[in-house]
Amino acid sequence: MSGVIASSVYKETPYRAEAEAFIADLRQEYVRDDYWLQPDCLDMPTLWVDGQSILPLLRFLKSSISRPFAMLYDLSAIDERLRINRGKGPSQQPASDFTLVYQLLSLERDLFIRIKVALPESRLSAPSATSVWANANWYEREVWDLFGVEFVGHPNLRRIMMPTTWQGHPLCKNHHARATEVDPFTLSPEKQQAEQQALLFKPEEWGMARASDSAEFMFLNLGPNHPSVHGVFRIALQLDGEQIVDAVPDIGYHHRGAEKMAERQAWHSYIPYTDRIDYLGGVMNNLPYVLALEQLAGIQVPPRAQTIRVMMCEFFRIASHLVFYGTFAQDVGQMSPVFYMFVDREKLFGIVEAITGGRMHPAWFRIGGVAQDLPQGWDTMVREFLDYMPARLREYDGMVIKNKLLQKRTRGIGVYDTNEALEWGVSGPGLRATGLEWDLRKRRPYSGYDQFEFDIPTYDGGDCFDRCRVRVDEIHQSLRIIRQCLDNMPAGPYKSDHPLTTPPRKAQTMQDIETLIQHFVNNSWGPVMPAGEVCVPIEATKGLNSYQIISDGGTTSYRTRIRTPSFPHLQMIPLMSCGLLVADLIAIIASIDFVMADVDR
């Protein structure tokens, strides 16, 4: 099944050498010859296998290949039934009604790869990968919930985003996208009773026993509305006294169908939706989306626009970490720090508002650059903030980090090591708190990050306290990056002149009718993106974030998959909290640093 693909397949990728080295190792070390290398994927190597071959290949890539792929980065699916452009000739993809997509990450190779499995509509099933990676559990539940693909051997295959009474699978192309496409909602007494019955808590359905040999367990709901769960989030606790026997997260209360909405928005009009994914990350959410489209369309972003993007992303990294810092201290008993840190966050938002016109959700990045150039006086505001923050951080260090009570509450609590982190798909500060110095901005630089000097903070305790310290140190590094942006801001345009840049620059719109027409069409219907598939991960505030985008050659996305860091992070809660006390769980939740919009999408 494997074909001989020339190395020139990767000539346009930023990581050609890594991709070619992987393919060479695969051909030399993998004894089976049951895969096909898709030649037209410019973002990462992509292999197709059948359902019977997927687990042997995944096990080989995780454990046996030289420089293995230790992390299952993502697992999603595509409903292919309405897709038109699937390649031609030698590049034509195998026939499939649905496609499973596994994305793996090798930290030793600094390489992402994609594995695909073609599924016919008559047999929507595949073997479960939970025996290979622990974090496949939630990903497979999500694919079953939203696409209807069954995973044989999964320990508890049930809905994760939608209510248990939901009919159909929302990301299928034949499922309605708007409430106006179905009959008006009604709630008869019979339906209300059925819905109430479905909400009854049955421990056995959650994988819990009602009693041990010596005692009956107590079950406690933490959430879905609780001040310590940082969003609409529920944890079902199985307790022996106050000791946690099991803690099962329950998500989906904040699910808004963000991936479904991408299918009916123009390429550029979807940008404001991305702000609401990690709603503390602001324009940081725009970046992986526009980077993917720019790679798909071959748009070169000017140096000034790249530097502006880096500066704004680091501002939002600081803003997000300040919220974490304050609420982390608050959750373990300190009331004062969060008020001081929100004052500093407001100062930062003053700069963001002066530059972008918005605050938390400016939706300011554009395909090809940013919305407008920096305003007059921006440098004065930025310099004042850079001079102001270091002293404040030293004050917070004494208030929080050196506080003995906080240390006793968080040291040695919620511990995991590097191998466990990779097994569960942990990235970002949570991974670096285990001692692993790995940051995508350094290892796979994007948007010009290779031009900046900064360090990667690490600690090796892997506990709540070290996860806090990593983020605090990252604030210092973000200030360092912003100062370099301030001192070395390039001249030139803030947006590319590429015809697919959206919206196009207005310089010639009043000079000739052709440019005016292009500007009108790109703003109203959106640009026509080339057919293809692309994914560009970034180091977001909470870990690795990416948009896997499939274009069918039109003005809207055929499929947009949003991979967020918080989704796999929450899945680790049972491992981190088993045997501890309920009060320890509150510290663990605080140390993860998540928002439910990032989890549920």
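Before moving on, here are some points about what is shown:
- Note on the range 181-235: residues that are among the β-branched types (Val, Ile, Thr) and within 17 Å of TRP166 (Cα to Cα) total 2.
- Residue identified as more than 26 Å from the chain's Cα centre (by Cα) and either assigned to a loop (DSSP other than H, G, I, E, B) or of a type in the set (Gly, Ala, Ser) (or both) among ASP34, ASP43, ASP25: ASP34
- Residues in the range 338-363 that are of a type in the set (A, V, I, L, M, F, W, C) and not in a helix (DSSP H, G or I) were compared, and the one that is surrounded by the most Cβ atoms within 10 Å (Cβ to Cβ) is ALA363.
- Residue within the range 134-147 that is farther than 23 Å from MET572 by Cβ and under 24 Å from the mean Cα position of the chain (by Cα) present: yes
Yes/no matrix, rows are residues, columns are (1) of a type outside the set (A, V, I, L, M); (2) touching a strand residue (DSSP E or B) at 6+ places or on another chain (Cβ under 8 Å); (3) within 29 Å of ARG441 (Cβ to Cβ); (4) crowded, with 23+ Cβ neighbours inside 10 Å:
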| position | (1), (2), (3), (4) |
| --- | --- |
| LEU237 | no, yes, no, no |
| GLN243 | yes, yes, no, no |
| VAL248 | no, yes, no, no |
| TRP267 | yes, yes, yes, yes |
| TYR273 | yes, no, yes, no |
| VAL283 | no, yes, yes, yes |
| PRO288 | yes, yes, yes, yes |
| PRO303 | yes, no, yes, no |
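- Which listed residue, of SER125, SER63, is among the hydroxyl-bearing types (Ser, Thr, Tyr), closer than 28 Å to ARG443 by Cβ and either within 27 Å of the chain's Cα centre (by Cα) or assigned by TED's automatic domain parsing to the domain that holds ALA531 (or both): SER63
- Residue match in the range 183-203 (condition: outside any loop (DSSP other than H, G, I, E, B) and under 30 Å from ALA590 (Cβ atoms)): yes
- Extreme residue, nearest to VAL149 (Cα to Cα), among residues of the range 170-193 that are small (Gly, Ala, Ser) and without any contact (Cβ under 8 Å) to a residue 24 or more places away in the chain: ALA179
- Condition met for GLY257 (surrounded by fewer than 19 Cβ atoms within 10 Å (Cβ to Cβ) and within 21 Å of GLU142 (Cα to Cα)): yes
- Screening TYR396, TYR388, TYR459 for residues that are over 28 Å from the mean Cα position of the chain (by Cα), surrounded by fewer than 20 Cβ atoms within 10 Å (Cβ to Cβ), of a type in the set (Phe, Trp, Tyr) and at pLDDT 90 or above leaves exactly one candidate, TYR388.
- Selection of the range 470-519 for residues being farther than 26 Å from GLY298 by Cβ and of a type in the set (Asp, Glu) yields ASP473, GLU474, ASP487.
- Inspection of the range 454-462 identifies at least one residue that is small (Gly, Ala, Ser) and in a loop (DSSP other than H, G, I, E, B).
- Among the conditions (1) touching a Leu at 6+ places or on another chain (Cβ under 6 Å); (2) surrounded by fewer than 23 Cβ atoms within 10 Å (Cβ to Cβ); (3) not in a helix (DSSP H, G or I), ARG483 misses just one, which is (3).
- Entirely in the range 523-592, the helices (runs of 4 or more DSSP H) that have 3 or more residues that are surrounded by 24 or more Cβ atoms within 10 Å (Cβ to Cβ): 566-570, 582-592
- Filtering TRP138, TRP144, TRP166 for residues that are among the aromatic types (Phe, Trp, Tyr), surrounded by 18 or more Cβ atoms within 10 Å (Cβ to Cβ) and without any contact (Cβ under 8 Å) to a residue 60 or more places away in the chain leaves a single hit, TRP144.
- Single unsatisfied condition, LEU393 versus (1) in contact with a Pro (Cβ under 6 Å, 6 or more places away or on another chain); (2) farther than 25 Å from LEU105 by Cα: (1)
- Pick from the range 110-129, criterion part of a loop (DSSP other than H, G, I, E, B) and surrounded by fewer than 21 Cβ atoms within 10 Å (Cβ to Cβ), ranking: modelled with the highest pLDDT: SER128
- Positions within the range 262-284 being under 28 Å from ILE573 (Cβ atoms) and part of a helix (DSSP H, G or I), in sequence order: TYR273, THR274, ASP275, GLY282, MET284
- Scan of the range 206-225 for residues that are assigned to a strand (DSSP E or B) and either under 25 Å from HIS255 (Cα atoms) or under 36 Å from the mean Cα position of the chain (by Cα) (or both), ordered by number: MET218, PHE219, LEU220, ASN221, LEU222
The values are calculated or read from the model by the stated rules, or taken from the named source; none is laboratory data. What you see is a predicted model, and the numbers here were worked out from it, not measured in a lab. Cβ: placed from backbone, ideal geometry, glycine included. Neighbour counts: every protein chain shown.
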